[in-house]
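The values are calculated or read from the model by the stated rules, or taken from the named source; none is laboratory data. Worth saying up front: this structure is predicted, and the values here are computed from it rather than measured. Here the Cβ is made from the backbone with ideal geometry for all residues, glycine too, and neighbour counts use every protein chain on show. Ligands, DNA and RNA are excluded from the accessible area calculation, which covers all protein heavy atoms including side chains. Shrake-Rupley method; radii C 1.70, N 1.55, O 1.52, S 1.80 Å.
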Amino acid sequence: RMPLVEVIRGEQTSPEALAWALDFVQALGKTPIVVNDARGFYTSRVFGTYITEGMAMLAEGIAPALIENAGKRSGMPMPPLSLADEVGLALMHQVGVQTEQDLGRAAPKNPSQPILTTMVRVHDRAGRRGDKGFYDYAEGGKRLWPGLRELFPAGEAQPDADELVERFLFT
């Protein structure tokens, strides 16, 4: 569904294998980029940063609808909380847990991890695949989960949408 394909170059990837993979991806009508084999590929880092910023805003008391609208206005293909549901809250939570296990004290602090823990472990909201995440999915439609208001109450003063757009673009 995405036009970009990451071609992962391992330590033993030959130039011939890399060239074949790039040609194949282009033959599929996609745009290839070459990335090294390491934790967090390019699109994961870009989308992960975007999603994490959306969750940080939620934790700060910014209204979910405002977060989503600012995300759309920033030029991203989906709003951040909706994208998180599509990726899977349970998957993102597990990646965070595994990163902490693998890296220990060197693991970067991720402001989305407490939110993911609450959503997944406490409220059993694993994302789109389970029909409930930041959104409720019923009969082919979706709407922001009303429980977000209780878990993450919106502050009285809300920032301007342009300020949020800038946060998404420059975080």
Kindly express, to the nearest 10 degrees and within the range 0 to 90, the angle between helix 64-73's C-alpha long axis and the longest C-alpha principal axis of the chain.
-> 40 degrees
Treating each Cα of the range 55-106 as an identical point scatterer and ignoring solvent, apply the Debye formula and state log10 I(q)/I(0) at q = 0.20, 0.23, 0.26, 0.28 Å⁻¹.
-> -0.78, -0.87, -0.95, -1.00
Everything considered on the Cα gyration tensor (a ≥ b ≥ c; rounded for a/c under 1.5, else prolate if a/b is larger than b/c, else oblate), the range 91-171 must be described as oblate
Heavy-atom accessible area of the range 1-60 with neighbours in place, 1.4 angstrom probe: carbon+sulfur share in percent works out to 56 percent
Cross-link partners of residue 109 among aspartates and glutamates (Cα-Cα below 20 Å; sequence separation of 8 or more within a chain) = 53, 60, 100
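Based on the Cβ-Cβ distance from residue 105 to residue 169, what FRET efficiency comes out when R0 is 25 Å, to the nearest 0.05? Show your work: numbers first, answer last.
Details: r = 31 Å, r/R0 = 1.24.
According to the calculation, E is roughly 0.20.
How high is the relative contact order of the range 52-142, in percent, with contacts defined as C-alpha pairs under 8 Å that are six or more residues apart?
Values: 91 pairs, mean separation 26.7, N = 91.
With pairs under 8 Å counted, the relative contact order is 29 percent.
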What order do you get for 36-44, 122-130 when each peptide is scored by the mean count of other beta carbon atoms within 10 Å, highest first?
-> 122-130, 36-44
For the chain, just say rounded, prolate or oblate: build the C-alpha gyration tensor, square-root its eigenvalues into a ≥ b ≥ c, call rounded for a/c under 1.5, and beyond that prolate if a/b exceeds b/c, oblate if not.
-> prolate
GluC sites (Glu not before Pro) within the range 29-131: which are DSSP loop residues with at most 13 other Cβ atoms inside 10 Å?
-> 60
Sorted on mean Cβ neighbours within 10 Å (highest first), peptides 137-149, 109-121 come out as 109-121, 137-149
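What does the helix-only formula give at 222 nm for the chain: each DSSP H stretch with n ≥ 4 adding -39500 (n - 2.57), the total divided by the residues, and the result rounded to the nearest 500 deg cm²/dmol? Let's see the in-between values first.
Working: 8 runs with 83 residues, N = 171.
My calculation for the chain gives -14500 deg cm²/dmol from helical runs alone.
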Compute the relative contact order of the chain as a whole-number percentage, counting only Cα pairs closer than 8 Å that sit 6 or more residues apart in sequence.
-> 23 percent
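Once you have a ≥ b ≥ c as the square roots of the Cα gyration tensor eigenvalues for the range 11-101, tell me rounded if a/c is under 1.5, and otherwise prolate or oblate according to whether a/b is larger than b/c. Could you put the intermediate results ahead of the total?
Working: a/c = 3.39, a/b = 1.78, b/c = 1.90.
Here the range 11-101 falls in the oblate category.
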